[in-house]
Structures are given as C-alpha cells and as structure tokens.
Amino acid sequence: MTKKILAVLAHPDDESFGLGGTLALYTQRGVETYYICATRGEAGTVDAEHLKGFKDTAEMRTDELMRAAKHLGLKDVFFLDYRDSGMPGMEDNNHPDAQINHPIEEVAGRVVKYIREIKPDVVLTFDPIGGYKHPDHIHIHKATVFAFANADNASFYPEAGEPFKPQALYFQVFPKGLLKAAVRLMPLFGKDPTKFGRNGDINIKELAGVTFPIHVRLNIRAAVDAKRKASECHASQGGMQMRRGVMGFITRFFGEREDYMRAYPPVEDGFKRRQDLFDGI
C-alpha cells in the first residue's frame, strides 16, 4: 500500500520554505504527498511587479503555490480559504474572515475532512510557536493537533467522513544551532537578527532561545534542487533569495536537513534520534 504524508500549514510558500525538502524527498521515494493550505496569503507584502496579470495578491500567491507544488511533486493541494491574518499588530488581524478569528474546533473540522478523505500515514505541521510566532502558524498548529486527536472520533464532525487515525504527527522545528549561528553572523553582513524577513518582523535572536526536541533529522540533500525550484516560484515573498546572502551561507554551512519533533506516538525515555519519519510507526 502506498504511504501518504499530509502537511497542514498556513500560507502559500510555507510548503516550500519550511519543509519543501521533506515533501520533495518523500515524493522521490514514492510516497504520496498532500498539502492543506489554510489561507491564500492575502496579507503578504507584494511588490507591484509581481501582481501584473493577477486580480489580487490571493490569486497571484495561489498561482505561485500551484507552480511550486509541481516541483515538489505534491499529489494534491487543498485550501481551507480562510483569510491571511498577517503578523501581530497588522490591521489584517481584525478582518472577520482572518483565520485567527475562527474557532480552533471549526478549523479542525475542516482539516478532519481531509484527514478522513486522504487517510495519511503521517501528518506534518508547525511547532507550538509556529516557527517564528506568526499568528496563523500557531492557530493552524492548534487546529491540526485538535484534528489529529479527533479524526477517529465518530462524534466529531460526523458529516466529514468515516473515522480514521493517522499513525504519526510531527512538528517541524528550526535547528537551534542554525538560528544561533545566524544571530552571531548576521551582524557581520550588516543585518539585524532581531529584524529578519521581508518586513523585518521576525526576531531570530528571540527564536534561538526557544528549544524543542528533535526526534527526526532528515537529510534532504537529494531533494535540495526541487526545494530550491519550488521556493523560487514564490518570488513575491523573496523565494529567489532563499539560498543567497547570509542565510544561504549559514544553511549551506550547516548542511541540508529538516528537523522534526514527534508529537504522536508519544516518545519514550531513551528515544534515539531517527532519520526517517516512518521509522518506528
């Protein structure tokens, strides 16, 4: 039987920038990979040149995602069609359709529908702080955890299909060594580690102090080219620059890898780090 992985994230580009190597790697290994995208990235900062030929940011970023999906080899992409909530303090936080303004249980109900339909072996999502504390990332993390816990509960959204329980749930985590190196090296390149990202709203120094256990470390070297091509599809979000500059240097120095914390099955004492998401499940 063909193995399946379902990634549940927040925006177009999360599937490429974050765990694109993982999705491409397992596609190469014959695993079916699927992506649930909670929003269409409406709140992302976009230069006018990228909007040519599109009616709005949502349409343009959806197009970027669908092109990236081909490079990653995704079997299918699904949208929950909530609105991008933006970073903390943005006016987008207050939009009634913003993802963060919908109850966790409601969002989980939509995720459960796809879990029961696809029947994945493995589900992937953000860590508890959403990688870099983006409100949508944290919200979809909570909804995915809730959905995973209730996917086999016949009384939870019974209209969403027959109960089903995936074998494993993982949270992608940033390697802290990489973040700490970024904090030390970015000033040498004239960059402020407390104001990283396209809008300077990501504090790498703060993130480097948050630690999650790493239970699986994937060597994604065989999928690096696919991840790069997928990331470049998200040109409006700086995808062309992902392997350039200081962060590109640090990534190459630390090697090509993506790390995961296993949330389910529970990790027992004495657990030894593994190199495959399917190992031990």
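The values are calculated or read from the model by the stated rules, or taken from the named source; none is laboratory data. For clarity, every value in this text was computed on a predicted model and none was experimentally measured. Quick reminder, even Gly has a Cβ in these numbers, built from the backbone with ideal geometry, and neighbours come from all protein chains shown.
Overview of values
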read-out: Helices (runs of 4 or more DSSP H) fully within the range 173-236 counting 2 or more residues that are more than 22 Å from Tyr35 (Cβ to Cβ) and at pLDDT below 85; value: 176-185
read-out: The listed residue being assigned to a loop (DSSP other than H, G, I, E, B) and under 16 Å from the mean Cα position of the chain (by Cα), out of Leu74, Leu124; value: Leu74
read-out: Looking only at the range 1-45, and only at residues there that are in a loop (DSSP other than H, G, I, E, B) and among the hydrophobic types (A, V, I, L, M, F, W, C), the one that is farthest from Val107 (Cα to Cα); value: Met1
read-out: Subset of the range 45-58 [without any contact (Cβ under 8 Å) to a residue 60 or more places away in the chain and surrounded by fewer than 14 Cβ atoms within 10 Å (Cβ to Cβ)]; value: Ala48, Glu49, Lys52, Gly53, Lys55, Asp56
read-out: Residue match in the range 54-70 (condition: over 23 Å from Ala235 (Cα atoms) and either touching a His at 6+ places or on another chain (Cβ under 7 Å) or charged (D, E, K, R) (or both)); value: no
read-out: Failed item in (1) assigned to a loop (DSSP other than H, G, I, E, B); (2) under 18 Å from Gly41 (Cβ atoms), with Leu65 passing the rest; value: (1)
read-out: Gly86 being buried (at least 18 other Cβ atoms within 10 Å of the Cβ) and at positive phi; value: yes
read-out: Of all residues making up the range 218-229, the number that are touching a residue at least 40 places away in the same chain (Cβ under 8 Å) and either aliphatic (A, V, I, L, M) or buried (at least 16 other Cβ atoms within 10 Å of the Cβ) (or both); value: 8
